[in-house]
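What follows is a single structure, written as structure tokens, with notes after it.
The values are calculated or read from the model by the stated rules, or taken from the named source; none is laboratory data. Bear in mind the structure is a predicted one, so any value in this text is a computation, not a measurement. Every residue, glycine as well, gets a Cβ built from its backbone with ideal geometry; the counts of neighbours run over all protein chains shown. Heavy atoms of the whole protein, side chains included, go into the accessibility calculation; ligands, DNA and RNA do not. Shrake-Rupley method; radii C 1.70, N 1.55, O 1.52, S 1.80 Å.
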Amino acid sequence: MFTNVLGTAITKALLPQMKTDKVLAVPASTDQKLISDPNLVPFGAFYATYHTAAIEYMAEDEGFKDATFCLLAEDSDFGAEVVDGFDFATGKLGLKTGVTVRYPSALQDFTPQISKLKNAGCEVVDLGGVGAVVQ
């Protein structure tokens with residue numbers, strides 16, 4: 001058994017060999033696409049769940065129920081899960097949404113994306129991306 005296999009990409013790369021060797025792993029990834037794989041044991045909530053909870057918190061607890069919610073998400077599998085969580089939460093809560101802006105993983109200058117969010121009148125922005133890029 002492997003524990004703490006770091007990240008979705010590494011987990012996906014190891015899966016074929018884990019299947020061959022009948023190995024079980026606990027990935028340090030919360031990619032919901034991996035939940036049904038019999039060689040993996042998830043350890044926590046999925047990416048979309050974190051974003052859903054954050055949107056609900058901003059709307060319900062922080063008083064932004066009438067605000068325009070927008071999304072800035074990495075253009076990757078990770079970002080796609082963030083989009084799923086954003087769409088689920090804003091739809092279930094009946095929130096007003098503005099734009100969804102995607103950015104490439106290697107981006108260093110977010111000026112065009114921030115301008116789109118500003119021009120769309122976004123009042124709450126959900127940011128989803130891999131920490132090394134966003135930082």
Original post:
Short version: what are the Cα gyration tensor semi-axes of region 12-126, square root of 5 times each eigenvalue, largest first, in whole Å?
Top reply: 32, 18, 9
Original post:
What translational D, rounded to a whole number of µm²/s, comes out for region 67-135 from Stokes-Einstein when the hydrodynamic radius is the Kirkwood one over Cα pairs, at 4 °C and 1.567 mPa s?
Top reply: 107 µm²/s
Original post:
Convex hull over the Cα atoms of region 1-60, averaged projected area in nm²?
Top reply: 4.2 nm²
Subject >> Residues of type lysines that Lys116 reaches as a straight line, Cα spacing below 28 Å, ignoring anything fewer than 8 places off in the same chain >> reply: Lys65, Lys92, Lys96
Original post:
Could you give me the ³J(HN,Hα) list for region 92-106, computed from phi with Karplus coefficients 6.51, -1.76, 1.60 and θ = phi - 60°, whole Hz, x at Gly and Pro?
Top reply: 5, 8, x, 7, 6, 10, x, 9, 10, 10, 9, 9, x, 4, 8
Subject >> Pairwise FRET efficiency - Ala132 versus Val23, Cβ, R0 = 41 Å, nearest 0.05 >> reply: 0.90
Original post:
So, with a 1.4 angstrom probe, what is the percent of accessible area on the chain that is carbon and sulfur?
Top reply: 57 percent
**OP:** For region 26-87, calculate the relative contact order in percent as a whole number, restricting contacts to Cα pairs under 8 Å that are 6 or more residues apart.
**Re:** 34 percent
